[in-house]
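Below: the structure, in structure tokens.
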Amino acid sequence: MKTALVTGAAGFLGSHLCDRLIAEGMRVIGMDNLLTGAMENIEHLFPLERFSFYHHDVTRFVHVPGELDYILHFASPASPIDYLEMPIQTLKVGALGTHNLLGLAKAKEARILVASTSEVYGDPLVHPQPEGYWGNVNPIGPRGVYDEAKRFLEAITMAYHNEHGVDTRIVRIFNTYGPRMRVNDGRALPAFFSQALRGEGITVFGDGSQTRSFCYVEDEVEGIFRLLMSDYHLPVNIGNPVEVSIREIAEEVLQLVGNPSAYITYKPLPVDDPKVRQPDISLARELLKWEPKIQRAEGLQRTLEYFKKALDVEDVKT
């Protein structure tokens, strides 16, 4: 039986990855310091013999007894609210945490997949963004702590691959959504759902013309798993190529929730907020035979049901 270590296991994406790896018949070791993760996301796994959990901060030395086949490094604050409030922790988990896990992968002769992000492209001057684009990042801006942590993560991963022959994979994750997102996450969709369900103003920054590309978590996990099982060590974009403006997605959520008290309100655009975001997934299509399957209407409906339960809100449609 293969054994996988998942860091950030109690987080949104990490917990879904634990589910997938368990479903694939693996033994899974979850690791999280619970800075932004939540035990509720993985509590359903605790009765399973093939799941164990370490409450540990990966910026400190990481040791796991026994054989290890795979490491999936997903530990990191992942929303602007998080990394603006925790800039040093964000940098440390991208740098020290990645270094520790690459060292563990080397010692265990394990394959390691590290979670990078579309934020390595910054406020892109190339659209859509292919893996060969180097990005347009402000290293000293407020978002730089996350952007540069992930750029360093990629650089040290490639260094370990080239210098030590570590079996590495790099996934560049674009906007992902679905159940288990934090209600107070601060990212667009959790904020929109929470505000609409509460009958508050849905906060759109700028004029809402900035774009994002939203991938449902089930599709995202499928792409990540296929990359893990591939033999390709350079970065791969995994995201939904369907681009939508923030204003459009706010209107879709407003209509879907149907709360007559909710409305859209506009606030100034944050510093260095990317104007566009859309993955070029040609490589994933060719290499992994992967592309998203779940349409946004279905994904948003599933996500709404989760947020209703999370906020303990009854059906608000009239």
- Message: Quick check on region 163-204: what does the Kirkwood estimate of hydrodynamic radius come out to from the alpha carbon pairs, in Å?
- Response: 12.8
- Note on the structure: Longest principal axis of the chain (C-alpha) makes with the long axis of helix 188-198 (C-alpha) an angle, in degrees to the nearest 10, of 50
- Query: Where does region 102-191 land on Rg(C-alpha)/(2.2 N^0.38 Å)?
  - Reply: 1.25
- Enclosed volume per residue, in Å³, of the convex hull spanned by Cα atoms of region 139-191: 108
- Message: With N set to the number of residues, divide the alpha-carbon radius of gyration of region 23-159 by 2.2 N^0.38 Å and report two decimals.
- Response: 1.13
- Query: Say we join alpha carbon atoms closer than 10 Å with springs in a Gaussian network model of the chain; which of Pro142, Pro260, Pro279 then has the biggest fluctuation?
  - Reply: Pro260
- Query: Which GluC sites (Glu not before Pro) in region 28-64 pass both tests, a DSSP loop state and at most 15 other beta-carbon atoms within 10 Å?
  - Reply: Glu49
- Task: Starting with the fewest neighbours, write out Arg212, Arg20 ranked by other beta-carbon atoms found within 10 Å of each beta-carbon.
- Result: Arg20, Arg212
- Net charge (Lys, Arg +1; Asp, Glu -1) of residues whose beta-carbon lies under 10 Å from that of Tyr83, Tyr83 excluded, is -3
- Query: How many angstrom lie between the C-alpha centres of region 123-197 and region 224-239?
  - Reply: 15
- Query: Rounded to the nearest 5, what % of the DSSP beta bridges within region 167-298 are antiparallel ones?
  - Reply: 15
- Message: Which residue fluctuates most in the GNM of the chain (Cα springs below 10 Å): Met181, Met26, Met229?
- Response: Met229
- Message: Nearest 10 degrees is fine. How inclined is helix 246-257 to the longest principal axis of the chain, computing both from alpha carbons?
- Response: 70
- Message: I'd like the projected area of region 76-120, averaged over all directions, using the convex hull of its alpha carbons. Report it in nm² with one decimal.
- Response: 3.3
- Message: Using the crude model of +1 on Lys and Arg Cβ and -1 on Asp and Glu Cβ, and no other charge, please compute the dipole size for the chain relative to its Cα centre, in debye to 20.
- Response: 200
- Sort Val221, Val271, Val183 so that the residue with the fewest other Cβ atoms within 10 Å of its own Cβ comes first and the one with the most comes last. Val271, Val183, Val221
- D (µm²/s, integer) via Stokes-Einstein for the chain, Kirkwood Rh across alpha-carbon pairs, 25 °C, 0.890 mPa s: value 124
- Neighbour-count ranking for Thr59, Thr98 (other C-beta within 10 angstrom, fewest to most) reads Thr59, Thr98
- Dividing the convex hull volume of the alpha carbon atoms of region 174-228 by its residue count, what do you get in Å³ per residue? 90
- Which percentage, to the nearest 5, of the DSSP beta bridges contained in the chain is antiparallel? 5
- Message: Please enumerate, by chain and number, the aspartates and glutamates with C-alpha under 17 Å from the C-alpha of Lys293, excluding those fewer than 8 residues away in the same chain.
- Response: Glu218, Asp219, Glu220, Glu222, Glu243, Asp280
- Whole-percent pair-distance distribution, where bins are 10 Å wide, for the alpha carbons of region 185-318: 12, 37, 31, 16, 4, 0
- Query: To the nearest 10 degrees, how steep is helix 144-164 against the longest Cα principal axis of the chain, on a 0 to 90 scale?
  - Reply: 20
- If you wrap a convex hull around the Cα atoms of region 55-98, how much volume per residue is inside, in Å³? 77
- Query: Under a GNM of the chain (C-alpha, springs under 10 Å), which listed residue has the highest mean-square fluctuation: Thr265, Thr36, Thr176?
  - Reply: Thr265
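A short reminder: the numbers here are calculations on the coordinates, not readings from a lab. Please read all numbers here as calculations on a predicted model, not as lab measurements. Note: ideal-geometry Cβ built from the backbone for every residue, glycine included; neighbour counts use all protein chains shown.
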